[in-house]
Amino acid sequence: MSNSKRPDTRIVHTGSNPKAQKGAVNPPVYRASTVLFPTVQAMKNAEKDKFDTTYYGVHGTPTTFALEEAMTDLEGGYRAVSTSSGLAAISTALISFLKAGDHLLMTDSAYGPTRNFCNTMLKRFGVETTYYDPMIGAGIVELIKPETKVIFTESPGSYTFEIQDIPAITEVARQNNIKVMMDNTWAAGYYFKPFEHGVDISIQATTKYQAGHADLVLGHIIANNEKDWRKLKVNTSTLGQAVSPDVCYLGLRGLRTLSVRLEQHQETALTLAKWLSERPEVDTILHPAFPSCPGHEIWQRDFTGASGLFSVILKDFSETQVSAMLDGMDYFAMGYSWGGFESLIVASDPAKIRSATKWQAAGPLLRLHVGQEDVEDLIADLERGFDRLNGRA
């Protein structure tokens, strides 16, 4: 681990120990299911510390631990746990702190699979979920019940980009002995430090910006204290959650360039969002750096930057017109996920999944992930798309 407090230096050096790696800069890929012990006593000692050392492949190998060290360092927490996907990180964190009869407060802007998990698995297990307005802030106190054990946040929402007042929510939670979890994927643990704002459990789909190359699926849960980390680690292992060391190696390699990639994502996305704000086809820009985005002032207060994901609301165009626009894109591909080097665009109707708030917009929503392409080529691609939207091509 680097002794520097500067994040770019820490990202380069954290989770690496060349002296223990025969001089190799990157930790090797340790592929192992079986781990051998020289004596009975050594095996017994390892079993006592099985979540802290290489004991059995499902609990992790040195490659896994190196990535977890780096993710912990990035977020500023106590320790991290690797999971097989971002959704696995969300679901494992929730079931680790909820049981039958408990009550969960879930942001209405949550990632769709998160909502599905609450409405199916958690419901079946006897956990009640109440969805709340993401802009509720300290008003969330009115929704708390004696059975409320977890408040789940996602800031910004990954389609509609509301910035939540995390410090206000965590203050209420602390007064009521409630855990606060946050999906921190958009800021990648780089532009927002959740533990500095009172969050207990930070969750990331490291599939996205840490991996950075659209070629692996990975998740992480980062806890702010040993007790929470141990509960998460035990439950992850009990569920049989195991992450390939090859995937962990690629995740750690991607992490090394996180800051420079995010800088490019941010710069290009801001340029593109400004250009889109001046287009006659666009009604609203949902980018946290723009005043039109709900919670913009909170983003200015709490975040240090913006990634490459944002949405725009078009004026009243038909589904057929939007399809004509999207079907012919050259650089903005249609595909789920984000955080890779490629630009993506998808149409979405948030009204279909909202329950605590009513989604009202002038027209269709388009979510863009701005990749590493030249911004002029991306602008030209969208310009041709608008021609098709308007029936001019």
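Any read-out appearing in this document is the output of simple, stated calculations on the displayed coordinates, not a laboratory observation. None of the values given here were measured: they were computed from a predicted structure. Backbone-built Cβ (ideal geometry, glycine too); neighbour counts: all protein chains shown.
Laid out as a table, the results:
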| item | result |
| --- | --- |
| Bins of 10 Å, starting at 0 and running to the largest distance - Cα pair percent for the range 219-258 | 25, 42, 32, 1 |
| Net charge over other residues, Cβ less than 10 angstrom from the Cβ of SER202 (K, R count +1; D, E count -1) | -2 |
| Within the range 208-349: Cβ-based charge dipole about Cα centre, in debye rounded to nearest 20 (Lys, Arg +1; Asp, Glu -1) | 820 |
| Most mobile listed residue (VAL25, VAL243, VAL172) in the chain, GNM with C-alpha springs under 10 Å | VAL25 |
| Most mobile listed residue (PHE192, PHE161, PHE97) in the chain, GNM with C-alpha springs under 10 Å | PHE97 |
| Whether the range 254-315 is rounded, prolate or oblate, judged on the alpha carbon gyration tensor where a/c under 1.5 counts as rounded | oblate |
| Angle in degrees between helix 62-75 and the longest Cα principal axis of the chain, rounded to the nearest 10 | 50 |
| Å³ per residue enclosed by the Cα convex hull of the range 31-73 | 67 |
| Other-chain or far-sequence residues with amide H under 5 Å of TYR78's (modelled H) | ALA223, ASN224, ASN225 |
| Whole-number percent relative contact order across the chain, with pairs defined as alpha carbons under 8 Å at least 6 apart | 17 |
| Listed residue (LEU239, ASN119, LEU258) projecting farthest to the positive dipole end of the chain, Cβ model | LEU239 |
| Alpha carbon centroid spacing (whole Å) that separates the range 375-389 from the range 154-207 | 34 |
| Positive-pole candidate from HIS296, SER355, SER337, dipole of the range 258-389, charges at beta carbon | SER355 |
| Volume in Å³ per residue [convex hull over Cα atoms, computed for the range 209-303] | 167 |
| Residue (of VAL217, THR61, LEU382) at the positive-pole extreme of the chain, dipole from beta-carbon charges | THR61 |
| Binned Cα-Cα distance frequencies in the range 258-389 - 10 Å width, integer % | 12, 44, 35, 8, 0 |
| Computed magnitude of the charge dipole of the range 23-176 (debye, nearest 20; Cβ of K, R +1, Cβ of D, E -1) | 720 |
| Over the chain: Rg over Rh, Cα atoms, Kirkwood Rh | 0.99 |
| Highest-fluctuation residue, GLU263, GLU376, GLU342 considered, GNM on the chain with Cα pairs under 10 Å | GLU376 |
| Local electrostatic count, PRO167, Cβ distance below 15 Å [Lys/Arg +1, Asp/Glu -1] | -3 |
| Dipole moment magnitude, nearest 20 debye, the chain about Cα centre, only Lys, Arg, Asp, Glu C-beta charged | 1600 |
| Table column - 3J(HN,Hα) (Hz), the range 368-381, Karplus curve with 6.51, -1.76, 1.60, x for Gly and Pro | 10, 10, 8, x, 9, 5, 5, 4, 5, 5, 5, 4, 5, 5 |
| Tail weight of P(r) past 16 Å, computed on alpha-carbon pairs of the range 23-130, percent | 69 |
| Hydrodynamic radius (Kirkwood) for the range 148-233, which is based on Cα pairs only, to one decimal in Å | 13.5 |
| Beta bridges by DSSP in the chain, antiparallel share as percent, to the nearest 5 | 55 |
